[in-house]
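The values are calculated or read from the model by the stated rules, or taken from the named source; none is laboratory data. Treat the numbers as computed from the prediction; the structure is a model and nothing was measured. All Cβ positions, even for glycine, are placed from backbone atoms using ideal geometry, and neighbour counts span all protein chains on display. Side chains included, ligands, DNA and RNA excluded: accessible areas come from the protein's heavy atoms. Shrake-Rupley method; radii C 1.70, N 1.55, O 1.52, S 1.80 Å.
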Amino acid sequence: MSVIPLVFTSGWASGINAYAVVLLLGLFGATGVSDEVPAALQRTDVLIVAGVLFLCEAVADKIPYVDSVWDTAHTVIRPVAGAVIAALLAGESGSLPELAAGAIGGSTALMSHLVKAGTRMAVNTSPEPFSNVGMSIAEDLGVAGVVTFAIFNPVAAAVIAAVLLVLGIVIVVFLASRIRRFLRRRAQRREEKRLAGTGSPWPPG
């Protein structure tokens, strides 16, 4: 049970940027900052792959509409990463605590991912690109700060993550109309591309 706060926090952070979580935890373990990090996350090859993918996400996450495509592609990846990280933190392969930790980490990652993706859809209705950059930087700093804090004070960090998750859900509900507008625009673009590809003489409605 003592690892649950760290599991919850890592799940929340994984839903926003799973690669950053793997990279941060791995570095904390490899440098001896924390003894809670499993050896699997400290491997050099894992750190290199996580670092490269983090850089890719850092770029894609700041480009309007590309960020939403990236989020769509990670709808499965982030929750799975959250579940795997949580299970590794729990240890004892195949045990009930490991399975419970995986469920907590995966479900929390899914919720925070949906909040992130929904917020980005709303932001993409804005014509200027600076809001995307600002959101991305805020998310990266938030993940780095909360995960680092969780290493030293996991309970307090879990409370912060829970508050941020609830606030995120409230914001997404508040921005529902903008999200619907984004989805309509995306559907319209797809229809225009389809009509252009078929060579239809009729303009899109």
What distance in nm separates the two pseudo spin-label positions at Leu183 and Val46, each 7 Å out from Cα along the beta-carbon direction? 3.7 nm
Scalar couplings 3J(HN,Hα) for the range 137-144 by Karplus 6.51 cos²θ - 1.76 cosθ + 1.60 (θ = phi - 60°), nearest whole Hz, x for Gly and Pro, are 5, 4, 5, 4, 5, x, 4, 4
Over all directions, average the projected area of the Cα convex hull of the range 12-119 and note it in nm². 6.5 nm²
Restricting things to Cα coordinates, could you compute the convex hull volume per residue of the chain in Å³? 132 Å³
Computed over the chain, the relative contact order (Cα-Cα under 8 Å, seq sep at least six) in percent reads 29 percent
The range 17-56 versus the range 122-179: alpha-carbon centroid distance in Å: 21 Å
Once phi for every residue in the range 100-108 is put through the Karplus expression 6.51 cos²θ - 1.76 cosθ + 1.60 (θ = phi - 60°), the whole-Hz ³J(HN,Hα) values, with Gly and Pro written as x, are 5, 4, x, 5, 5, x, x, 5, 5
At 222 nm, what value in deg cm²/dmol follows for the chain if DSSP H runs of at least 4 each add -39500 (n - 2.57) and the sum is divided by all its residues, to the nearest 500? -27000 deg cm²/dmol
Ile77 to Ala156: extension gain in nm, 0.36 nm per residue of separation minus the Cα-Cα distance? 25.8 nm
Under a point-charge model restricted to the Cβ atoms of Lys and Arg (+1) and Asp and Glu (-1), what is the dipole moment magnitude of the chain relative to its Cα centre, in debye to the nearest 20? 1120 debye
Length-normalised contact order of the range 58-102 in % [C-alpha pairs under 8 Å, at least 6 apart]: 27 percent
The percentage of the accessible area of the chain (probe 1.4 Å, all protein chains present) made up of carbon and sulfur atoms, to the nearest whole number, is 73 percent
Report, to the nearest 10°, how far helix 44-60 tilts away from the longest principal axis of the Cα atoms in the chain, using its own Cα long axis and a range of 0 to 90°. 30 degrees
Expected unfolding gain across Leu141-Tyr65 under the 0.36 nm per residue rule, minus the alpha-carbon gap, is 25.2 nm
Note to self: with every protein chain in place and a 1.4 Å probe, the chain gives an accessible area per residue in Å² of 52 Å²
Trp12 - accessible surface, heavy atoms, 1.4 Å probe, Å² rounded to 10: 20 Å²
